[in-house]
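So the structure is just underneath, and the comments pick up after that.
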Amino acid sequence: FDRVVLLIIATNCVVMAMDEPQAPPSRKKFLAEVDSIFLYLFTVEMFFKIIAMGFVLGRNSYLKDPFNILDFIVVVAGWIGFFFESLSSLGFSALRTIRLLRPLRTINRFPGMRILVKSLIDSLPMLGDAL
């Protein structure tokens, strides 16, 4: 299951790299449809994890892990952007930029990378003191 999710995340990164502001309308439409498919896949993965771990209650529940909280925020923001895409004049198009956090979901799959990122984040206050 984890390897399939990693493959989906890697494919999503490739598709996001294909997006550009001056792309032809046909490519933009194709990329929007593919992005919707990724959103569905990430949602299914999130629900599988919630069913397996529990949502909030329990010692090892889904929302007890900070990286799962990141996954949850990325998926929910994706759905908010999906539903309110027609209201882009209200500023909801900025929610689409949160999908750029999707590659960070790979951190959850590699324990060594997770420790490294957590250490970097924990060291940020000390770096501020050094400046």
- request: Only residues that are part of a loop (DSSP other than H, G, I, E, B) and over 18 Å from residue 5 (Cβ atoms): list them for segment 48-69, please.
  value: 54, 55, 56, 57, 58, 59, 60, 61
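Return the residues of segment 8-28 that are surrounded by 11 or more Cβ atoms within 10 Å (Cβ to Cβ) and over 19 Å from residue 41 (Cα atoms); say none if nothing qualifies.
Correct list: 18, 19, 23, 27, 28.
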statement: With criteria (1) free of Cβ contacts under 8 Å to residues at least 40 places away in the same chain; (2) under 18 Å from residue 75 (Cα atoms), residue 23 comes up short on (2)
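How many residues does segment 47-62 contain that are under 14 Å from residue 75 (Cα atoms) and open to solvent by less than 80 Å² (accessible area, probe 1.4 Å)? So that I can check it myself, show each step before the final result.
First, the residues of segment 47-62 that are under 14 Å from residue 75 (Cα atoms): 47-50, 62.
Among the residues that remain, those that are also open to solvent by less than 80 Å² (accessible area, probe 1.4 Å) are: 49-50, 62.
Summing the residues that are under 14 Å from residue 75 (Cα atoms) and open to solvent by less than 80 Å² (accessible area, probe 1.4 Å) in segment 47-62 gives 3.
Going by the conditions given, is residue 89 at pLDDT below 80, more than 23 Å from residue 2 (Cβ to Cβ) and open to solvent by 90 Å² or more (accessible area, probe 1.4 Å)? Write out each step before concluding.
Values: at pLDDT below 80: yes; more than 23 Å from residue 2 (Cβ to Cβ): yes; open to solvent by 90 Å² or more (accessible area, probe 1.4 Å): yes.
Yes; evaluated as a whole, the condition is true for this residue.
Suppose the filter is within 23 Å of residue 4 (Cβ to Cβ), open to solvent by 40 Å² or more (accessible area, probe 1.4 Å) and at pLDDT 80 or above; does residue 72 pass it? Let's see the steps before the verdict.
Values: within 23 Å of residue 4 (Cβ to Cβ): yes; open to solvent by 40 Å² or more (accessible area, probe 1.4 Å): yes; at pLDDT 80 or above: yes.
In short, yes.
Does residue 5 qualify as being without any contact (Cβ under 8 Å) to a residue 24 or more places away in the chain and either surrounded by 10 or more Cβ atoms within 10 Å (Cβ to Cβ) or part of a loop (DSSP other than H, G, I, E, B) (or both)? Lay out the reasoning, then the answer.
On the way: without any contact (Cβ under 8 Å) to a residue 24 or more places away in the chain: no; either surrounded by 10 or more Cβ atoms within 10 Å (Cβ to Cβ) or part of a loop (DSSP other than H, G, I, E, B) (or both): yes.
No.
The values are calculated or read from the model by the stated rules, or taken from the named source; none is laboratory data. This is a predicted model, so every value here is computed, not measured. Cβ: placed from backbone, ideal geometry, glycine included. Neighbour counts: every protein chain shown. Quick note on the areas: whole protein, heavy atoms, side chains included, nothing else; ligands and nucleic acids left out. Shrake-Rupley method; radii C 1.70, N 1.55, O 1.52, S 1.80 Å.
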